[in-house]
Amino acid sequence: MLLASLVSCRVRTPAPLDVAALVNRQGPVEARRSLALRVVAEPKDVAARLALATLADQQGRPSEAIEQLEAVVALDGPLGIRWRATDRARLARLVAARGRTRLQRGAPPRSPICGAHASSDPPSPPTSSRGPDSPVRSPSSAMSMPPSAPRASGR
């Protein structure tokens, strides 16, 4: 019981950093720089990543905000992702806005698998340079040399 209490205390969402106070004290450029340095120094610092995502969102840097929020998701612990409902809503809003922007530009939708473009067309069969009468060779026969082939001398 005591161990479970200790473990649950360590994986709770960290106290949020006051981004507005940081910006008032250091200015927007230095605040962003100090948060970025904190993330570089300690990549698992969830509070710094969430604050950097908030600041990036406020400064009109949605890709950077999404990157930081996805990094928090990747740091998922045994009791779940360490973020608040506002952070989850921010990620959803930013990803939806990115999708709307891509659609407005006429970009094709992206597949969640390997970032490939989604298509409703069935995949086309692979093309081959062999003619219909060409013999099919097995991979092992392609690697072996026929006995009549000249061999290079080692001299």
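The values are calculated or read from the model by the stated rules, or taken from the named source; none is laboratory data. Keep in mind that this is a model prediction, so the values were computed, not measured. Note that each Cβ is placed from the backbone with ideal geometry, even for glycine, and that neighbours are counted across all protein chains shown. Ligands, DNA and RNA are excluded from the accessible area calculation, which covers all protein heavy atoms including side chains. Shrake-Rupley method; radii C 1.70, N 1.55, O 1.52, S 1.80 Å.
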Cβ-Cβ distance below 7 Å, separation of 6 or more or different chains: which pairs start in the stretch 27-42 with a residue that is among the β-branched types (V, I, T) and end on one that is assigned to a loop (DSSP other than H, G, I, E, B) and surrounded by 16 or more Cβ atoms within 10 Å (Cβ to Cβ)? V39/D45
Search result, residues across the stretch 58-83 that are buried (at least 17 other Cβ atoms within 10 Å of the Cβ), under 14 Å from P43 (Cβ atoms) and among the aliphatic types (A, V, I, L, M): A71, V72
Under the condition of being within 16 Å of P16 (Cα to Cα) and assigned to a loop (DSSP other than H, G, I, E, B), which residue from the stretch 70-86 is farthest from the chain's Cα centre (by Cα)? R84
Any residue at all in the stretch 56-69 that's closer than 19 Å to R33 by Cα and basic (K, R)? yes
Given (1) open to solvent by less than 50 Å² (accessible area, probe 1.4 Å); (2) at pLDDT 90 or above; (3) not charged (D, E, K, R), index of the condition S111 fails: (2)
